[in-house]
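The values are calculated or read from the model by the stated rules, or taken from the named source; none is laboratory data. Bear in mind that the values here come from a model prediction, so they are computed numbers and not experimental data. In this analysis, Cβ positions are derived from the backbone assuming ideal geometry, glycine residues included, and neighbour counts consider all displayed protein chains.
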Amino acid sequence: MSSYRRFREGRIYFFTVVTAARAKILTTELARDCLRKSLAAVRREYPFEIIAFALLPDHLHTVWTLPAGDSDYSTRWKLIKSRFTSAWLKAGGPVQATSFSRKQKGEHGVWQRRFFEHTCRDEADLKRCVDYIHVNPLKHGLVERVCDWPWSSFHRFVREGEYPLNWGNAANWYGDEFRHFE
C-alpha cells in the first residue's frame with residue numbers, strides 16, 4: 001500500500017453492514033444519496049477516514065481509520081444507519097417487515113441490527129481487506145471485471161497507482177492473485 005496509507009495499529013477497521021432481509025436497495029440512486037449524506041454528516045461530528053469502500057445492492061464493505069485514541073465506531077455506525085433510515089423513510093424508500101420486538105423499539109426494516117467488524121492487524125491484513133472489498137462485486141457475480149463496478153473505491157486506487165485497471169476479473173478469480181479469498 002502507498003506510504004500515505006501507513007498502517008496505524010489498532011486504528012484501522014474493516015466493516016460489513018447489511019440491509020434488513022438483504023433487501024437490494026443500496027445501489028439505487030435514492031439509497032446512494034441517503035448514504036452519502038449520512039456518511040458526510042457523521043464524519044463532520046465524528047471524524048474518520050474512509051480508506052476503501054464498495055457498495056453492493058444489499059450490503060457494503062469499508063475500511064476506516066479512526067483518530068488516535070478513538071475506537072468508537074459503534075456510535076458512528078448507529079448514527080449513519082439512523083440518519084440514512086430517516087432520510088430513506090422521508091423519501092418514501094421501502095422497508096422490510098419487522099418483528100414485534102423491533103417495532104417496540106421503534107426500529108424500521110432497513111438495516112440488520114448489527115455489523116461485522118475486524119481490526120486490521122498489520123499492513124498485510126489491511127491489504128487483504130482492501131483487496132476483498134474491491135473484488136467483492138466480482139465474487140457476487142455482479143460484474144466480470146472489478147473495474148466495471150461503479151460503486152467502489154477501486155477506481156480511486158487505480159488512479160493512485162495501487163492497482164492496474166485490469167486487476168480482478170472473472171478469468172483470474174481462482175488464480176493465485178485471489179487465492180486468499182477462498
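Close contacts from the range 46-57, counting a first residue that is among the acidic types (Asp, Glu) and a second that is at pLDDT 95 or above and part of a strand (DSSP E or B), with Cβ to Cβ under 9 Å and a gap of 6+ residues or different chains, come to Glu49/Trp64; Glu49/Thr65. Filter the range 24-54 for residues that are outside any helix (DSSP H, G or I) and in contact with a Lys or Arg (Cβ under 7 Å, 6 or more places away or on another chain); which is surrounded by the fewest Cβ atoms within 10 Å (Cβ to Cβ)? Per the stated criteria, the residue is Tyr46.
Inside the range 127-160, residues that are more than 14 Å from the chain's Cα centre (by Cα), in a helix (DSSP H, G or I), touching a residue at least 12 places away in the same chain (Cβ under 8 Å) and within 16 Å of His61 (Cβ to Cβ) make up a count of 6.
Filter the range 106-125 down to the residues that are exposed (fewer than 12 other Cβ atoms within 10 Å of the Cβ) and closer than 19 Å to His59 by Cβ, then identify the one that is modelled with the lowest pLDDT. Step by step, filter the range 106-125, then rank; the result is Arg113. His61 falls short on exactly one of the conditions (1) more than 19 Å from Arg11 (Cβ to Cβ); (2) surrounded by 16 or more Cβ atoms within 10 Å (Cβ to Cβ); (3) not basic (Lys, Arg), and that condition is (1).
Check the range 84-105 and report whether any residue there is at pLDDT 90 or above, assigned to a helix (DSSP H, G or I), on the phi < 0 side of the Ramachandran plot and under 15 Å from the mean Cα position of the chain (by Cα). Within the range 84-105, one or more residues are at pLDDT 90 or above, assigned to a helix (DSSP H, G or I), on the phi < 0 side of the Ramachandran plot and under 15 Å from the mean Cα position of the chain (by Cα).
Modelled with pLDDT under 95, within 28 Å of Ala23 (Cα to Cα) and surrounded by 15 or more Cβ atoms within 10 Å (Cβ to Cβ): which single residue out of Gly168, Gly141 fits that description? Reasoning before the result, please.
Details: Gly141 fails: surrounded by 15 or more Cβ atoms within 10 Å (Cβ to Cβ).
That would be Gly168, the only listed residue that is modelled with pLDDT under 95, within 28 Å of Ala23 (Cα to Cα) and surrounded by 15 or more Cβ atoms within 10 Å (Cβ to Cβ).
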